[in-house]
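The next block holds one structure in the form of structure tokens; read it before the comments.
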Amino acid sequence: MARLVVYAIGGNALSSPTSSDETESALVLAKVLSDVIDLLEGGWRVILTHGNGPQVGRLLALDTENDQGMDSWVAATQGMIGHELSIHLDSILYKRQRPERTAVVLTRVEVAADDPAFELPSKPVGPILSDDAVFANEWDVAETIHGPRRVVSSPKPMSVLDLDVISQLVDLRAVVICGGGGGIPVIRHLDEWVGIPAVIDKDRLSALLALKLEADALIISTAVDALKTDFGSDNEVSHPCMSLEVAKGFLDEGQFPSGSMGPKVSSLIDAVEKSPSIKAIICQPGDAMAALRGDAGTTIGVVKE
């Protein structure tokens with residue numbers, strides 16, 4: 001039976017009409033697509049998850065009347081990004097005469113209504129706010145280095161409502177694009193599903209998907225080629241592998257900040273703790289197959305002799 005990998009990419013991997021560096025974005029996207037094809041040709045089945053930060057921020061900036069809820073904008077970006085990834089991948093698969101095709105799944109994720117994250121919204125979303133916007137809307141607002149921004153809660157994902165559909169599509173040899181932006185956050189209220197204004201971390205959701213679907217590997221792609229300690233200093237060290245204990249220690253020391261590498265590392269740690277046989281990897285786009293061989297990136301949960 002073919003092995004299954006959940007491959008997570010960031011929202012910045014996609015080109016955008018308003019991007020300041022279209023060439024770089026297009027190059028990253030090309031590397032992501034190359035990774036997916038390499039994985040398929042290597043005998044892997046692929047689930048692709050993605051971020052949506054830049055895209056949802058632009059949509060929120062356009063919604064000057066605040067007409068749509070956050071869950072609707074997450075759903076909208078799932079469709080937009082899913083379409084872009086799907087049309088590129090299907091074109092390549094068709095040219096290479098491979099049997100797989102893509103399937104984009106609007107993915108709803110249950111969170112707990114009493115999650116402690118709701119008491120302290122901390123995830124910045126949308127554009128820098130004017131004074132008028134701050135006072136005109138009943139939003140939680142935090143001061144960032146660039147100015148005031150709306151902040152929402154980031155609760156932990158509990159379950160994926162569309163898990164069975166995703167699983168069946170994988171069995172049909174589809175490349176499944178799902179979990180965009182961490183999934184559309186919903187809670188159970190009076191026997192109904194209700195969308196809520198929150199943002200789920202996409203790496204935590206990717207780890208949950210990998211565990212629930214008993215994936216053989218979880219790859220989180222990012223802008224650096226491997227995990228590094230003392231990043232940016234003269235003492236910077238790149239780590240090709242880390243045991244769970246070492247990874248936890250570095251996380252506790254603050255080597256992996258909460259606003260960047262922290263959630264990625266903690267998601268990989270969580271995946272390995274619950275499924276010790278899973279390959280848990282951080283690497284840059286274009287290095288997926290090399291990272292699975294142990295020749296690139298960082299693998300958490302193993303230590304090379």
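The values are calculated or read from the model by the stated rules, or taken from the named source; none is laboratory data. Nothing here was measured: the structure is a model prediction, and the numbers come from that model. Every residue, glycine as well, gets a Cβ built from its backbone with ideal geometry; the counts of neighbours run over all protein chains shown.
Yes/no per residue for (1) closer than 24 Å to residue 218 by Cβ; (2) surrounded by fewer than 20 Cβ atoms within 10 Å (Cβ to Cβ); (3) hydroxyl-bearing (Ser, Thr, Tyr); (4) modelled with pLDDT of 75 or more:
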| site | (1), (2), (3), (4) |
| --- | --- |
| 20 | no, yes, yes, no |
| 26 | no, yes, no, yes |
| 36 | yes, no, no, yes |
| 39 | yes, no, no, yes |
| 44 | yes, no, no, yes |
| 51 | yes, no, no, yes |
| 54 | yes, yes, no, no |
| 59 | no, yes, no, yes |
| 64 | no, yes, yes, no |
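Of everything in the stretch 111-154, what is under 23 Å from the mean Cα position of the chain (by Cα) and among the aromatic types (Phe, Trp, Tyr)? Give them in sequence order.
Matches in the stretch 111-154: 118 only.
Does residue 194 satisfy being in a strand (DSSP E or B), farther than 21 Å from residue 265 by Cα and under 19 Å from the mean Cα position of the chain (by Cα)?
Values: in a strand (DSSP E or B): yes; farther than 21 Å from residue 265 by Cα: yes; under 19 Å from the mean Cα position of the chain (by Cα): no.
So residue 194 does not fit the description; no.
Given (1) aromatic (Phe, Trp, Tyr); (2) at pLDDT below 95; (3) surrounded by fewer than 19 Cβ atoms within 10 Å (Cβ to Cβ), where does residue 94 come up short, assuming only one miss?
(2)
Can you list the strands (runs of 3 or more DSSP E) lying wholly within the stretch 204-288 that have 2 or more residues being surrounded by fewer than 16 Cβ atoms within 10 Å (Cβ to Cβ)? Break it down stepwise before answering.
Values: elements: 217-221, 227-229, 237-239, 279-283.
Correct list: 237-239.
Scan the stretch 98-107 and tell me whether some residue there is loosely packed, with under 14 Cβ neighbours inside 10 Å and over 20 Å from residue 209 (Cβ atoms).
Residues of the stretch 98-107 that are loosely packed, with under 14 Cβ neighbours inside 10 Å, as a first pass: 99.
Among the residues that remain, those that are also over 20 Å from residue 209 (Cβ atoms) are: 99.
The answer is yes; a qualifying residue exists.
Results for (1) in contact with a Cys (Cβ under 7 Å, 6 or more places away or on another chain); (2) hydrophobic (A, V, I, L, M, F, W, C); (3) under 26 Å from residue 212 (Cβ atoms), shown as yes or no for each residue.
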residue	(1), (2), (3)
228	no, no, no
241	no, yes, yes
253	no, no, no
263	no, no, yes
272	no, yes, yes
288	no, yes, yes
295	no, no, no
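Which condition from (1) surrounded by fewer than 22 Cβ atoms within 10 Å (Cβ to Cβ); (2) at pLDDT below 95; (3) within 21 Å of residue 103 (Cα to Cα); (4) not polar (S, T, N, Q) is the one that residue 181 breaks?
Looking at each condition in turn, residue 181 falls short on (1).
Search the stretch 108-131 for residues being in a strand (DSSP E or B) and not charged (D, E, K, R), and hand back the single one that is modelled with the highest pLDDT. If you could, list the steps in order and put the result at the bottom.
Going residue by residue through the stretch 108-131, those that are in a strand (DSSP E or B) are 108-110, 123-128.
Subset that is not charged (D, E, K, R): 109, 124-128.
Numbers: 109: 98, 124: 76, 125: 76, 126: 68, 127: 68, 128: 75.
It comes out as 109.
Since residue 155 meets every condition but one in (1) touching a strand residue (DSSP E or B) at 6+ places or on another chain (Cβ under 9 Å); (2) surrounded by 15 or more Cβ atoms within 10 Å (Cβ to Cβ); (3) part of a helix (DSSP H, G or I), which condition does it not meet?
(3)
Identify the single condition in (1) closer than 26 Å to residue 3 by Cα; (2) without any contact (Cβ under 8 Å) to a residue 60 or more places away in the chain that residue 233 does not satisfy, given that it satisfies every other one.
That leaves (1) as the condition not met.
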